[in-house]
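I have placed the structure first, in the form of structure tokens, so that the comments after it can refer back to it.
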Amino acid sequence: MKFGVLVFPGSNCDHDTYNVVAELAHQPVTFLWHDSPSLENCDAILVPGGFAFGDYLRTGAIARFSPVMQSVQKFAADGGLVLGICNGFQILCEAGLLPGALMRNAGLEYVCKQVYLRTETTDSPFTRTLEKGQVLKIPIGHMEGNYFCDEATLDELKRGDRIVFRYATPEGKVTPEANPNGSLENIAGILNVGRNVLGMMPHPDRSSEALLGSADGFRIFESLVGALPRRGELARQT
């Protein structure tokens, strides 16, 4: 199974993400340049954090038009696994792969710190090794992490069990004080309808080794690695 890490002008977490897959998960991985439509037969696509195209116009607004994103859209429509982290989440929303938008933080300040996430669902390839309600310590680093969607979309996310993470206290309580950016209902990560695309603002790539302050983020990569052979087997059976 092979992972692909997208690289846009301004990506700055591509090497962090690559390192987790190659050195910690011990999986084949390659960089995918934004200007090429080829996904090089990858089985999972990782859209890393950073400032794609300098975040000009709007975060992710230019990156969504890159040739590689057209391929990612088709890949996701065919059931391929896609994980967008921070700027990657913003790009996935701009590309229409996930609903809603990431707006400026409520305090209009860049926020960079460790936060706590409560796992809201384990029914996904990205959280299958976690427990519902499990709290993860994972850092954030963003200016536009304030997730928003209309009421109808929020209802759809709730009914479909598609809210994956919420900002919470270390004890797992979802409170206004635990919300670092004003995100609607403390939402930190969501799934698409097919449950094969996850976007999240916190950085599991920056929290996959204990020396970074937490290794909790590795659980997401671990889940993803374990899901790939299973999905391949199911595809062969059908």
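Just for the stretch 27-61: of the residues that are surrounded by 21 or more Cβ atoms within 10 Å (Cβ to Cβ) and in contact with a Leu (Cβ under 6 Å, 6 or more places away or on another chain), which one is nearest to Gly79 (Cα to Cα)? Restricting to residues being surrounded by 21 or more Cβ atoms within 10 Å (Cβ to Cβ) and in contact with a Leu (Cβ under 6 Å, 6 or more places away or on another chain), the top hit is Ala44.
Checked against the criterion of being crowded, with 17+ Cβ neighbours inside 10 Å, touching a strand residue (DSSP E or B) at 6+ places or on another chain (Cβ under 7 Å) and not aliphatic (A, V, I, L, M), the candidates Gly182, Gly172, Gly213 yield just one match: Gly182. Just so you know, in the stretch 96-116 the residues that are touching a strand residue (DSSP E or B) at 6+ places or on another chain (Cβ under 9 Å) and part of a loop (DSSP other than H, G, I, E, B) include one that is surrounded by the fewest Cβ atoms within 10 Å (Cβ to Cβ), and it is Tyr110. Note on the stretch 111-169: residues that are closer than 14 Å to Leu198 by Cα, touching a residue at least 40 places away in the same chain (Cβ under 8 Å) and among the polar types (S, T, N, Q) amount to 4.
Scanning the stretch 148-201 for residues that are among the hydroxyl-bearing types (Ser, Thr, Tyr) and either farther than 18 Å from Ile220 by Cβ or part of a helix (DSSP H, G or I) (or both) gives Thr153, Thr169, Thr175, Ser183. Here Arg206 fits the description: touching a strand residue (DSSP E or B) at 6+ places or on another chain (Cβ under 7 Å), basic (Lys, Arg) and in contact (Cβ under 8 Å) with a residue 60 or more places away in the chain. If the requirement is being in contact (Cβ under 8 Å) with a residue 12 or more places away in the chain, closer than 23 Å to Gly145 by Cβ, of a type in the set (A, V, I, L, M) and out of contact with any Leu (no Cβ under 9 Å at 6 or more places or on another chain), which of these qualifies: Leu108, Leu97? When all the criteria are applied, what remains is Leu97.
Every number in this text was worked out from the coordinates using simple rules, so none of it is lab data. What you are looking at is a predicted structure, and each value in this text was computed from that prediction instead of being measured. So basically every Cβ, Gly included, is an ideal-geometry build from the backbone, and we count neighbours across all protein chains shown.
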